Amino acid sequence: MWYKFSRSKLSVIGLFIVVSVILLAIFAPFIVPYPLHAGAYTDFANANQAPSAEFLMGSDNIGRDILSRIVFGLRSAITMSLFVLAISVPFGVFMGLIAGYFQRSLIDSVITRITDIFLSVPPLVLALVIASLLEPSLRNAMLAITIMWWPWYTRLVYGQASSISRLDFVRASELSGVKWWNLLFKEILPNCVSPILTKVTLDMGLVIIIASSLAFVGLGEQPPAPALGNMVADGAKYMPEQWWMTIFPALAIMIVVLGFNLLGDGIRDLYSMEDK
Amino acid sequence: MKRTLWSVAALIGLSILIFSLSRMLPGDPARMALGPRAPEYVVEELRVEMRLDQPLHIQYGYWASGVVRGDFGRSLMTRRAVSQDIRAYLPATIELVIFAATVQVIFGIALGVLSTMYNGRWVDNIIRIVAYLGIVTPAFVFGVIFLLIFGYLWPILPAAGRLSVEPAITGMTTVDSLLKGDFSSFFRAISHFILPGTALAMNGVAQLARVTRSSMVDNLKSDYVDMAFSQGLNESKIMFKYLLRPSLIPSVSMMAMQFAILFSNAFLVELIFNWPGLSRYGVNAMLYKDFNAIIAVVLVLGIVFIIANILADTIIALLDPRIRLQAGKGA
Amino acid sequence: MGKEVILSVKNLNVNYRVYEGTMKVIDGLNLTVNMGEKVGLVGETGCGKTSTLKSILRIMPQNCIYSGEIYFEGNDMMKMKSDKMRNMRRRNISMIFQDPTSALNPVFTIRDQLYSVIRNSIPERKARNKREVEKIAEKALKEVYLADPQRVLAGYPFQLSGGMRQRVCIAMALATNKDLLLADEPGTSLDVTIQDQVLRLIDELVAEKGLSVLLVSHSLGVVREMTDRIYVMYGGNMVESGPTKELFKEPLHPYTVALLDCVPKLTGEGIRATISGEMVDYLNPSKGCRFAPRCKKALNICHSTKPIQNTVGSSGHWVACHLYE
């Protein structure tokens, strides 16, 4: 398995990025040069410093170290993604399984119509709307993204589940008296694992994009907490002189998302190779 | 047809959802509208006027009957009718999105074809790397980077706002200037589109190039392409006719989704480039908790989404006779 | 033998670069087709039959490396420039693909696809005349017994039945005058009665137009009825060749013998045997005879040394097997 995976250099790079970002996130308080700068710290004497040995990525308009804030920003981005997916994936998958298994029943049409509602506007718009109805904060942004995220998994699993549950071996187990929940979790779910796993990995990056977009607009995590989207938005006000305030957080977002995308593609290739 | 009806139903469901959320959450909309210093009896009057004293479904009923007549209520932020605001801001967004979509189609498909033609060689590799970077970069990062480079460091293009053409006929600057036959303002109008439009389009260009490439490379291995070669057809005819047309089907269905994503990313890009469009209006409404405006913006985007899907279905049916002819027989 | 050779393949090697390494599929293959002759190429699925046909037309996928000499009427096609090669495909050689469903482009009408083939293979002055092209197309479709040519022309592949699609493919291959027809298991994907009709049709048209044929098949039964001479192929190597009648009367190579045992007999014995063992591992093929691992009569030498061709009798029958040295 690892041998096949490691044949693709890009997937290994992806895995390397993801692992290092996760390690950074876990040990953030111990690694960064100025852990205090992640909060409401001010040091006007050192404000607006260009990148130097003291501030590797420069400092912002109130003297906080950009590097330290980026690492903490990554930490909150990763936590957020994990939280969103940990709730929305099981829920969405379960809904998809049920709707796909009980095809053309009332449950099926109710679940399908509800997912239709959530999928009737572009994802970012819905997240923005829900986040704005609640008070803007990290917790509510997570909530908003979770609410709009699960229907995608329902739709993904629905197709798989409905085609598998029509296959003969499922019908045969039914006739021999196997209970439907056993069928759902022991026969149908395992057949959906590879697309789900691929999507989860790719979505880790996508949630980070959506979350930082919320923060960029001002509907996500609130200052002084370091959110990558916030930092880009703040920095944009001081362009072009203090370019480092914008460019480094932007690069950080790109690199994390790149990592998850490379890894996700690697996982997909792995499964499609095994199918052959 | 059936699908369109269901999407309209879904949109109604969405309006109920957002409407109830906005009314049930803590905070008194009437108090928020008037500010903390307004006397209590004035707030009470507004509450009655907004029908906040009545049950939720009755409130929704009044609101919905207004919407059917084209009345979305009054905006707390601009103090004007929301429908008036939408009429003022929507053209700018539509114009921007259409510009971006055009950029996407042209460059996305061209890069995909180029990548296939040089399959496995350095041109292909460079396009694939660039496309990958395009996919992982959020639209607002593109916006900020473009602003930094072309707005400040090498200011060759207008980086903020949009040309105003008076008098407005359609509200779209390019169309209006053409209608008046004023070509110099047409080109100036276009120049305002380049930065925000391209920043908005980048993501989709990358996605489209990737989808087009992978579908073309797949079909390149198909028997019908082999057969076309075995019959001695010209390589360019095979590439641009017999290979491209079946390969575009997945690209077009992706375009519908991309079109919707353009509208949502417009929320960020309009903010960056100070573009006076519906999305910037929407973001401000959200920050202001202007519920009537928020719901209206969402519904308008939902309708645009439905239209984009119908459009994509139509184009796919044109490309793929299997769908066109069977749909004619069936539903 | 004095007969004029139309196609001769000499020392053809075809390798595929794949994820796990290089697959050495075809290994030093030789083959000739005489003018007006019908030659069969028989072997099981995956032995490199289709690769042989595709390398004759040079329509191999990108991950394929091939070498050797392929002479068509005395010219080496391997050395031809691509525009000259394209003219060969247009005017001289046709190919019928295995699966008519995937060989026709799903989003273009039959008219579009058939016309572009015809326009390419007739003189330019004629090609510009629409009536002329239409006449040729209608004639070609009538030749394959498609009763209503106009309806077929206007339709898309998915609107035709499998048998009709196969007929369209044959019409495309034979619409204009060619010299050599390469047929890759025609009709295999159809049901047996239709397959039979298709083969009879090809036989009839080939006789009428005086074409030379290289017919690929996994079934000896099919080849027996249609060909003058047979090549038996195993794992990218030719193992035996001879006139059809003689090969059936006196098969020599253990693989040919086993193949014949697999053919159901009309005497009611049913199928007597199957060939046990696995397909050739093209990534690491054995140094000796590629059939040796599955051969019941294998000697020690079979695993280490490649057998040479041993001529048997005077009719051109030969076998590549150590048992006959």
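The values are calculated or read from the model by the stated rules, or taken from the named source; none is laboratory data. Values in this document were obtained by computation on a predicted structure and should not be read as measured data. When we count neighbours, we look across all protein chains shown, and the Cβ atoms used for this are built from the backbone with ideal geometry, even at glycine.
The single condition from (1) surrounded by fewer than 20 Cβ atoms within 10 Å (Cβ to Cβ); (2) modelled with pLDDT of 90 or more; (3) within 23 Å of B:Lys2 (Cβ to Cβ); (4) more than 14 Å from chain B (Cβ to nearest Cβ) that A:Ala99 fails is (1). All told, A:Met245 falls short of being free of Cβ contacts under 8 Å to residues at least 12 places away in the same chain and within 11 Å of another protein chain (Cβ to nearest Cβ).
To keep it simple, each residue is scored yes or no on (1) more than 24 Å from B:Arg210 (Cβ to Cβ); (2) not aromatic (Phe, Trp, Tyr).
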{"position": "A:Leu202", "(1), (2)": "no, yes"}
{"position": "A:Ala211", "(1), (2)": "no, yes"}
{"position": "A:Leu214", "(1), (2)": "yes, yes"}
{"position": "A:Ala236", "(1), (2)": "yes, yes"}
{"position": "A:Leu258", "(1), (2)": "no, yes"}
{"position": "A:Tyr271", "(1), (2)": "no, no"}
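When B:Asn125 is tested against the conditions (1) under 21 Å from B:Asp218 (Cα atoms); (2) touching a residue at least 60 places away in the same chain (Cβ under 8 Å); (3) more than 20 Å from the chain's Cα centre (by Cα), the lone failure is (2).
For region B:187-290, the helices (runs of 4 or more DSSP H) that sit wholly inside it and include 1 or more residues that are free of Cβ contacts under 8 Å to residues at least 12 places away in the same chain, within 14 Å of chain C (Cβ to nearest Cβ) and crowded, with 22+ Cβ neighbours inside 10 Å are B:223-230. Only helices (runs of 4 or more DSSP H) whose full extent lies in region C:127-242 are considered here, and the ones with at least 1 residues that are farther than 25 Å from C:Ser116 by Cα and modelled with pLDDT under 90 are C:192-209, C:220-226. Note on region B:43-75: residues that are not polar (S, T, N, Q) and not in a helix (DSSP H, G or I) total 11.
Within the set C:Arg229, C:Arg167, C:Arg200, the sole residue that is of a type in the set (Lys, Arg), surrounded by 21 or more Cβ atoms within 10 Å (Cβ to Cβ) and over 28 Å from C:Tyr324 (Cα atoms) turns out to be C:Arg167. On the stretch given as region A:85-121, residues that are polar (S, T, N, Q), closer than 13 Å to B:Leu14 by Cα and in a loop (DSSP other than H, G, I, E, B) total 1. Any residue in region A:152-163 that is in a helix (DSSP H, G or I), within 14 Å of another protein chain (Cβ to nearest Cβ), under 16 Å from the mean Cα position of the chain (by Cα) and surrounded by 24 or more Cβ atoms within 10 Å (Cβ to Cβ)? No, that holds for no residue.
Residues in region A:122-144 that are assigned to a helix (DSSP H, G or I) and more than 13 Å from every other protein chain (Cβ to nearest Cβ): A:Leu138, A:Arg139, A:Met142.
Applying the selection to region B:140-165, what residues are more than 10 Å from chain A (Cβ to nearest Cβ), buried (at least 19 other Cβ atoms within 10 Å of the Cβ) and either under 19 Å from A:Asn261 (Cα atoms) or touching a residue at least 60 places away in the same chain (Cβ under 8 Å) (or both)? Of everything in region B:140-165, those that are more than 10 Å from chain A (Cβ to nearest Cβ), buried (at least 19 other Cβ atoms within 10 Å of the Cβ) and either under 19 Å from A:Asn261 (Cα atoms) or touching a residue at least 60 places away in the same chain (Cβ under 8 Å) (or both) turn out to be B:Ala159, B:Arg162.
Could you grab me the full set of residues in region B:21-52 that are closer than 29 Å to A:Ile147 by Cα, free of Cβ contacts under 8 Å to residues at least 24 places away in the same chain and more than 14 Å from every other protein chain (Cβ to nearest Cβ)? Once the filter is applied, which keeps residues that are closer than 29 Å to A:Ile147 by Cα, free of Cβ contacts under 8 Å to residues at least 24 places away in the same chain and more than 14 Å from every other protein chain (Cβ to nearest Cβ), region B:21-52 yields B:Ala30, B:Arg31, B:Met50, B:Arg51.
Does C:Arg111 meet the test of being over 20 Å from C:Leu211 (Cβ atoms) and either within 9 Å of chain B (Cβ to nearest Cβ) or without any contact (Cβ under 8 Å) to a residue 40 or more places away in the chain (or both)? Here the answer is no, as C:Arg111 does not meet what is asked. Within region B:111-139, restricting attention to residues that are more than 14 Å from chain A (Cβ to nearest Cβ), small (Gly, Ala, Ser) and in a helix (DSSP H, G or I), which residue is nearest to B:Phe267 (Cα to Cα)? By that ranking, first place goes to B:Gly112. Do the conditions hold for A:Val207, that is, is it outside any loop (DSSP other than H, G, I, E, B) and in contact (Cβ under 8 Å) with a residue 12 or more places away in the chain? Criteria met by A:Val207. For B:Arg80, the conditions (1) in contact with a Lys or Arg (Cβ under 9 Å, 6 or more places away or on another chain); (2) within 24 Å of B:Leu287 (Cα to Cα); (3) surrounded by 13 or more Cβ atoms within 10 Å (Cβ to Cβ) are fulfilled apart from (3). Taken over region A:134-151, residues that are crowded, with 21+ Cβ neighbours inside 10 Å and under 18 Å from B:Met24 (Cα atoms) amount to 1. Does region A:171-193 contain at least one residue that is under 21 Å from the mean Cα position of the chain (by Cα) and assigned to a helix (DSSP H, G or I)? Looking through region A:171-193, at least one residue is under 21 Å from the mean Cα position of the chain (by Cα) and assigned to a helix (DSSP H, G or I). When B:Thr78, B:Thr102 are checked against the criterion of being hydroxyl-bearing (Ser, Thr, Tyr) and not in a helix (DSSP H, G or I), a single residue qualifies: B:Thr78. Looking at region C:45-61, is at least one residue more than 16 Å from the chain's Cα centre (by Cα) and under 28 Å from C:Asp83 (Cβ atoms)? Within region C:45-61 (the criterion being more than 16 Å from the chain's Cα centre (by Cα) and under 28 Å from C:Asp83 (Cβ atoms)), the answer is yes, since at least one residue qualifies. Taking the criterion of being within 12 Å of chain A (Cβ to nearest Cβ) and of a type in the set (Val, Ile, Thr), the residues of region B:291-318 that qualify are B:Ile294, B:Ile295, B:Val297, B:Val298, B:Val300, B:Ile303, B:Val304, B:Ile306. Residue check: is A:Ile87 of a type outside the set (S, T, N, Q) and at pLDDT below 90? Taking the combined requirement at face value, the residue does not satisfy it. Only one of C:Ile65, C:Ile70, C:Ile96, C:Ile26 is touching a residue at least 24 places away in the same chain (Cβ under 8 Å) and closer than 30 Å to A:Ser6 by Cβ. Can you tell me which? Selected residue: C:Ile65, the only one of C:Ile65, C:Ile70, C:Ile96, C:Ile26 that is touching a residue at least 24 places away in the same chain (Cβ under 8 Å) and closer than 30 Å to A:Ser6 by Cβ. Each residue in region B:1-53 was checked for being of a type in the set (S, T, N, Q) and surrounded by fewer than 14 Cβ atoms within 10 Å (Cβ to Cβ), and 1 pass. Does region A:40-52 contain at least one residue that is surrounded by 17 or more Cβ atoms within 10 Å (Cβ to Cβ) and under 25 Å from A:Leu183 (Cβ atoms)? No; the residues of region A:40-52 include none that is surrounded by 17 or more Cβ atoms within 10 Å (Cβ to Cβ) and under 25 Å from A:Leu183 (Cβ atoms). Taking the criterion of being of a type in the set (Gly, Ala, Ser) and under 30 Å from A:Ile164 (Cβ atoms), would at least one residue in region A:114-130 satisfy it? Yes, the conditions are met somewhere in region A:114-130. Here C:Leu181 meets the list (1) out of contact with any Leu (no Cβ under 6 Å at 6 or more places or on another chain); (2) closer than 21 Å to C:Arg91 by Cβ almost entirely, failing just condition (1).
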